[in-house]
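Structure first, commentary second.
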Amino acid sequence: MELKIGNEQDIHTWEQVTLVYHSALKQINTKIEIINDEFQQVHRYNPIEHIKARIKTSESIVKKLKRHGYESTIENMVKYVNDIAGIRVICSFTNDIYTIADIISNQSDIRIIAVKDYIMNPKASGYRSYHMVVTVPVYLSDRIIDTKVEIQIRTVAMDFWASLEHKIQYKFEGNAPTHINTELLECAHMVSELDARMLSLNNEILEIAEKIKN
């Protein structure tokens, strides 16, 4: 039987949303785990500290649609919400982020929809991370559906800051006091400096190790 090639517009129920996006998330998660396994075996180095994956709840999706002025329908969910399936890749160092992003981009069955580099261009709040929206083919019994997944790649320090900032903004419903936002921004600068110093230190350690080996 020849499989029909479709897209997310072929999804018509919440059950299908759950099935297809969970499947897409599994595929991306497996791809990233394989990349990390290869680095461990071939290079004796783990660029990835850990991976977090999640499917956005229906409540969160509806809130996002309403925030952008869209009616809460399945069609609008799959058309306008790019992060129904989301995966976060936590790396040790900033250069690992771009290494992982390049490897993902070069996989033949992955199509890049959008890239936002909040490391080179941080948000006004101080938020730093590397975002990719990609599609991956999900093979069902009668068709193939190209499904969107948002991939966020960041360092441990960036992730710690982003987690705290999210909790604070959630607590204040996005209207945190000015002095708290100012403090968060200062902390973001400290995180950026810490990442740069840790990367420099790691590079120096690698250089010394290479000299000793030779």
Take the residues in the range 53-90 that are open to solvent by less than 50 Å² (accessible area, probe 1.4 Å) and more than 19 Å from residue 152 (Cβ to Cβ), then tell me which one is farthest from the chain's Cα centre (by Cα). 73
Which of the residues spanning the range 152-179 are among the β-branched types (Val, Ile, Thr) and closer than 27 Å to residue 93 by Cα? 153, 155, 156, 168
Flagged pairs (Cβ under 7 angstrom, 6 or more apart or on separate chains; first in the range 189-211, in contact (Cβ under 8 Å) with a residue 40 or more places away in the chain and acidic (Asp, Glu); second open to solvent by less than 100 Å² (accessible area, probe 1.4 Å) and outside any helix (DSSP H, G or I)) are 195/155
Go through the residues of the range 118-134 one by one and say whether even a single one is loosely packed, with under 11 Cβ neighbours inside 10 Å and either of a type in the set (Ser, Thr, Tyr) or within 17 Å of the chain's Cα centre (by Cα) (or both). yes
Just give me the residues in the range 30-68 being in contact (Cβ under 8 Å) with a residue 40 or more places away in the chain, part of a helix (DSSP H, G or I) and within 24 Å of residue 101 (Cβ to Cβ), in sequence order. 31, 32, 35
Mind checking which residues of the range 164-183 are assigned to a helix (DSSP H, G or I) and open to solvent by 50 Å² or more (accessible area, probe 1.4 Å)? 164, 166, 167, 170, 171, 178, 179, 181, 182, 183
Residue 149, sole failed condition from (1) over 23 Å from residue 93 (Cβ atoms); (2) modelled with pLDDT of 95 or more; (3) over 19 Å from the mean Cα position of the chain (by Cα): (3)
Only one of (1) in a loop (DSSP other than H, G, I, E, B); (2) polar (S, T, N, Q); (3) more than 23 Å from residue 26 (Cα to Cα) is not met by residue 141, so which one is it? (3)
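The values are calculated or read from the model by the stated rules, or taken from the named source; none is laboratory data. Quantities reported herein were computed from a predicted structural model and do not represent experimental measurements. Cβ: placed from backbone, ideal geometry, glycine included. Neighbour counts: every protein chain shown. With ligands, DNA and RNA removed, areas are computed over all heavy atoms of the protein, side chains included. Shrake-Rupley method; radii C 1.70, N 1.55, O 1.52, S 1.80 Å.
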